[in-house]
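These notes concern the structure reproduced below.
The values are calculated or read from the model by the stated rules, or taken from the named source; none is laboratory data. Quantities reported herein were computed from a predicted structural model and do not represent experimental measurements. Note that we place each Cβ from the backbone using ideal geometry, even for glycine, and neighbour counts take in every protein chain shown.
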């Protein structure tokens, strides 16, 4: 079954304690991204990756890191979490159409990770 | 910055009534996608529109892409309780194909 898997689904942590949210997809997609969802703000992109070892900032990258060492995995790292990073996080993947390299196909989302930083 | 505005933020309807949500972009879009997120769930792709003036239908759902490729709408005819959720539009700015910019979403509540 084609899917994007995030772990953990729920996480409560304390300010400053490093954490990693994992994301894995089994569809051989080139493009992966992380979003945070906050009430009234919709989905805001944190980071994205066009392929292995290729990452770039989205709209709200401050306080986050990512890596793309393998095509299927795209972990989100919070080196020193703060309460304003309390949010619902989604990982997504999609196939980039060959030739253009552009994002032209549907995005598949993971189940989400609800993070609370106290 | 590049933005996709979506209205209304909330819509409450009686079952059987119609529903429409609108998206407007400050810049021309190469395409626009629509997603539905059920309460407690994750966004699920509904459709993608690419051509200027394009209209697509999925059963009771009608999607439109404006002639100038700066606006789009989703219309649901005769809503059902299964339509409950938040509907997001997401645009890809022309020339900025790496980024999918989401609207804030419209939360639909359907009263039986």
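General observations
- Count - residues of segment A:9-24 that are in a strand (DSSP E or B) and over 11 Å from the mean Cα position of the chain (by Cα): 5
- For segment B:10-32, the candidate set comprises residues that are at pLDDT below 95 and in a loop (DSSP other than H, G, I, E, B); within that set, the residue that is surrounded by the fewest Cβ atoms within 10 Å (Cβ to Cβ) is B:26.
- Count of segment A:25-54 residues which are part of a strand (DSSP E or B) and within 26 Å of residue B:105 (Cα to Cα): 18
- Within segment B:41-53, residues that are within 7 Å of chain A (Cβ to nearest Cβ) have Cβ atoms under 6 Å from residues that are surrounded by fewer than 18 Cβ atoms within 10 Å (Cβ to Cβ) and at pLDDT 95 or above in these pairs: B:42/A:111, counting only partners at least 6 apart in sequence or on another chain.
- Flag for residue B:35 being in contact with a strand residue (DSSP E or B) (Cβ under 7 Å, 6 or more places away or on another chain), within 12 Å of chain A (Cβ to nearest Cβ), under 20 Å from residue B:80 (Cα atoms) and in a strand (DSSP E or B): yes
Condition check ((1) at pLDDT 95 or above; (2) not in a strand (DSSP E or B)) across all residues:
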| residue | (1), (2) |
| --- | --- |
| B:64 | yes, no |
| B:67 | yes, yes |
| B:73 | yes, no |
| B:78 | yes, yes |
| B:82 | yes, yes |
| B:87 | yes, no |
| B:101 | no, no |
| B:104 | no, yes |
| B:109 | yes, no |
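Table: residues versus (1) surrounded by fewer than 18 Cβ atoms within 10 Å (Cβ to Cβ); (2) more than 20 Å from residue B:53 (Cα to Cα); (3) at the interface with chain A (Cβ under 10 Å from one of its Cβ atoms).
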residue	(1), (2), (3)
B:67	yes, no, no
B:72	no, no, no
B:75	yes, no, no
B:83	no, yes, no
B:110	no, yes, no
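- Residue check, residue A:51 within 12 Å of chain B (Cβ to nearest Cβ), surrounded by fewer than 18 Cβ atoms within 10 Å (Cβ to Cβ) and modelled with pLDDT under 95: yes
- Subset of segment A:35-48 that is in contact with a strand residue (DSSP E or B) (Cβ under 7 Å, 6 or more places away or on another chain), under 20 Å from residue B:89 (Cβ atoms) and more than 7 Å from chain B (Cβ to nearest Cβ) - its residue that is surrounded by the fewest Cβ atoms within 10 Å (Cβ to Cβ): A:38
- Condition check for residue A:109: under 21 Å from residue B:102 (Cα atoms) and within 11 Å of chain B (Cβ to nearest Cβ): yes
- Looking across segment A:57-87, the residues that are within 25 Å of residue B:93 (Cβ to Cβ), in a strand (DSSP E or B) and within 12 Å of the chain's Cα centre (by Cα) come down to A:57, A:66, A:76.
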